[in-house]
Amino acid sequence: MKKAALSACLAGRNCRYNGEIKGRSEVVAKLEKEGYEIVLFCPEDACFGTPREAMDLTVTDEGVKALTKFTGEDRTPCLVEYAENFFNDHPDITLFVGKARSPSCGVCTARLYDEEGRLLSENEAGVMAAEAKARGVETLDDEAFLPLQE
Ligand code: SF4
């Protein structure tokens, strides 16, 4: 059976930074209809628990980092380690559907800021999505996947 990786919050899991549950996205049913086995992931919950301080992708002197919004803590290492382990554990995943605009899961919709908080881009890949792309996995934001399947 073909396998798809899906942001767990889209399946209704309580793992969003603020603990808010969004409910089950139509993405789940559409992936199932397409014959995918769904493998859920949430790097931020695994690394930092829920609820947690929100974070942003930020350009620093040492490259792009995932920094917490208010305290500036660097959350990148754990997220990268989670992403590497996830894809090592699931080498047969062929599709990644990530939550749009997430700094972890957004595929081409994550926001990037400078260290003064100025918005530089709204078309970046989050940490987890970047790892999927680096491994040649097909990647789509949830908002791009839904219309494709209609
Ligand atoms: S967008 Fe990604 S990191 Fe954020 S709650 Fe959903 S699965 Fe977790």
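The values are calculated or read from the model by the stated rules, or taken from the named source; none is laboratory data. For clarity, every value in this text was computed on a predicted model and none was experimentally measured. For neighbour counting, all protein chains shown are included, and Cβ atoms are generated from backbone atoms with ideal geometry for every residue, glycine included.
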Would you kindly identify the helices (runs of 4 or more DSSP H) lying entirely within region 1-103 that contain at least 2 residues that are within 19 Å of Gly126 (Cα to Cα) and at pLDDT 95 or above?
43-48, 76-89
Do you know which of the residues in region 8-58 that are away from the ligand (no atom under 13 Å from the Cβ) and of a type in the set (Asp, Glu) is nearest to Thr68 (Cα to Cα)?
Glu26
For region 84-97, does any single residue satisfy the condition of being of a type in the set (S, T, N, Q), surrounded by fewer than 19 Cβ atoms within 10 Å (Cβ to Cβ) and under 19 Å from Ala46 (Cα atoms)?
yes
Tell me which residues, restricted to region 90-137, are in contact with a Leu (Cβ under 8 Å, 6 or more places away or on another chain), of a type outside the set (Gly, Ala, Ser), within 12 Å of the ligand (Cβ to nearest atom) and under 23 Å from Thr71 (Cα atoms).
Pro103, Val127, Met128
Based on what the data block shows, is Phe87 more than 9 Å from the ligand (Cβ to nearest atom) and either farther than 20 Å from Val107 by Cβ or β-branched (Val, Ile, Thr) (or both)?
no
Quick one: what pairs do we get from region 24-45, first residue closer than 23 Å to Pro91 by Cβ, second at pLDDT below 95 and not in a strand (DSSP E or B), C-beta under 7 Å, 6+ apart or different chains?
Val27/Phe145; Val27/Leu146; Glu34/Gln149; Gly35/Met1; Glu37/Met1
How many residues are assigned to a loop (DSSP other than H, G, I, E, B) and either in contact with a helix residue (DSSP H, G or I) (Cβ under 8 Å, 6 or more places away or on another chain) or closer than 16 Å to Ser25 by Cβ (or both) if we restrict to region 114-150?
5
Mind checking whether some residue in region 104-113 is in a loop (DSSP other than H, G, I, E, B), in contact (Cβ under 8 Å) with a residue 40 or more places away in the chain and surrounded by 15 or more Cβ atoms within 10 Å (Cβ to Cβ)?
yes
